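Trainee: This is the structure I have questions about; it appears just below.
Just so it is clear, none of the values below were taken in a lab; they were calculated from the coordinates. Please read all numbers here as calculations on a predicted model, not as lab measurements. As a convention, Cβ positions derive from the backbone with ideal geometry for all residues, glycine included, and neighbour counts pool all protein chains shown.
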Amino acid sequence: MIHIHSLFIYPVKSLSGIAVESLAIDHMGPVSDRRWMIVDDKGQFVTQRTRPELAMVATALNGRGEVSVSIPDCGSFALKPGNSIRAVTVWRDTVQAVPAESGPSEALSDFLGQPVSLVCHGPDTVRYCDQQWALENRPVAFADGFPFLVVNHASLDELNTRLEKAVDVRRFRPNVVISGAEPWAEDDWTALTVGNLRLDLVKPCSRCILTTVDPDSGKKDPGQQPLRTLGGYRRQLDGVIFGKNATHQGEGPLQLGQTVHTIE
């Protein structure tokens, strides 16, 4: 039986994620997922691609869905939207976002040694999925391009047979991890249904150097693993592929252990 193996949310783009037992869903995808982001002094988004030590900054959610961050040697800080608006850029999209109240941005700047700001998705923030793949205007917060990333755990197991040192699924920052399928079966899936929710698997996910960052140490693998090994046999669409990006129809929540039906 194919079922949900694990679920993750990432309250702040490129900071540590949170394993959860249930994933609430709204019109933009997983609730509280990547609704905050880090930008530099020019408003460009900042991630582990260039600052791998961001993996060491933990995130947490309280019962009201409010986000806090724990910055090494700096302390813990609640993220609260301020009263201003600024233009920020994530990939090719420039949108209006709301900077956090003072405190956490300054501490994160000290940690990184460069001026950065934490900003949140606000009422004037309008961003859509890549319409080359998602044919409708589907809203998305600060995820790279789509509200969900789905990974097949059997594919990770198969990859690990090729590596000298196994990696865990956190390297790939999924939202939904599926178990019970054959390795790489997801290549043929076009959609998943889970309860009243449908996940349309609209695009294979191209992987980057971020997969080489150890989520426990915040350091890149000197041999560029597992990306180097994946690149030897998982190239599609001019990229190295692992997992699938998805949009959604219907309602959640998603829960651990739920049965998953696949559509090819």
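Trainee: Taking residue 197 as the residue in question, decide whether it is over 16 Å from the mean Cα position of the chain (by Cα) and within 21 Å of residue 90 (Cα to Cα).
Mentor: Details: over 16 Å from the mean Cα position of the chain (by Cα): yes; within 21 Å of residue 90 (Cα to Cα): no.
So residue 197 fails the test.
Trainee: Could you please give the count of residues in region 180-196 that are of a type outside the set (A, V, I, L, M), crowded, with 17+ Cβ neighbours inside 10 Å and not in a loop (DSSP other than H, G, I, E, B)? Walk me through how you get there before you give the answer.
Mentor: Narrowing region 180-196 to residues of a type outside the set (A, V, I, L, M): 180, 182-184, 186-190, 193, 195-196.
Imposing the further condition that a residue be crowded, with 17+ Cβ neighbours inside 10 Å reduces the set to 186, 189.
So of that shortlist, the ones also not in a loop (DSSP other than H, G, I, E, B) come out as 186.
Total meeting the criteria: 1.
Trainee: Can you tell which of 249, 224 is surrounded by fewer than 15 Cβ atoms within 10 Å (Cβ to Cβ) and farther than 19 Å from residue 166 by Cβ?
Mentor: Result: 249 is the single residue among 249, 224 that is surrounded by fewer than 15 Cβ atoms within 10 Å (Cβ to Cβ) and farther than 19 Å from residue 166 by Cβ.
Here is a yes/no grid of residues against (1) surrounded by 15 or more Cβ atoms within 10 Å (Cβ to Cβ); (2) farther than 19 Å from residue 105 by Cα:
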{"position": "22", "(1), (2)": "no, yes"}
{"position": "31", "(1), (2)": "yes, yes"}
{"position": "40", "(1), (2)": "yes, no"}
{"position": "68", "(1), (2)": "yes, no"}
{"position": "71", "(1), (2)": "yes, no"}
{"position": "75", "(1), (2)": "no, no"}
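Trainee: So which residues in region 205-221 are more than 20 Å from residue 56 (Cα to Cα) and surrounded by fewer than 19 Cβ atoms within 10 Å (Cβ to Cβ), if there are any at all? I'd like the intermediate steps shown before the answer.
Mentor: First pass over region 205-221, keeping only residues more than 20 Å from residue 56 (Cα to Cα): 205-207.
Result: 206, single match.
Trainee: Test each condition in (1) free of Cβ contacts under 8 Å to residues at least 60 places away in the same chain; (2) over 19 Å from the mean Cα position of the chain (by Cα); (3) buried (at least 19 other Cβ atoms within 10 Å of the Cβ) for residue 241 and report the one that comes out false.
Mentor: So residue 241 meets the others, but not (2).
Trainee: Same structure, new question: Residue by residue through region 96-115, note down the ones that are in contact (Cβ under 8 Å) with a residue 12 or more places away in the chain and under 16 Å from residue 56 (Cα atoms).
Mentor: Matches in region 96-115: 104, 105, 107, 108, 110, 111, 112.
Trainee: Another one. Would you point out the residue of region 134-151, among those that are among the β-branched types (Val, Ile, Thr) and in contact with a helix residue (DSSP H, G or I) (Cβ under 9 Å, 6 or more places away or on another chain), that is farthest from residue 175 (Cα to Cα)?
Mentor: So the residue we want is 151.
Trainee: Also, quick follow-up: Among the residues of region 135-166 satisfying the criterion of being under 11 Å from the mean Cα position of the chain (by Cα) and assigned to a strand (DSSP E or B), which is surrounded by the most Cβ atoms within 10 Å (Cβ to Cβ)? Show your work before the answer.
Mentor: The initial filter retains those residues of region 135-166 that are under 11 Å from the mean Cα position of the chain (by Cα), namely 141-150.
From what is left, the residues that are assigned to a strand (DSSP E or B) are 148-150.
Working: 148: 27, 149: 23, 150: 22.
Once the filter is applied, the top-ranked residue is 148.
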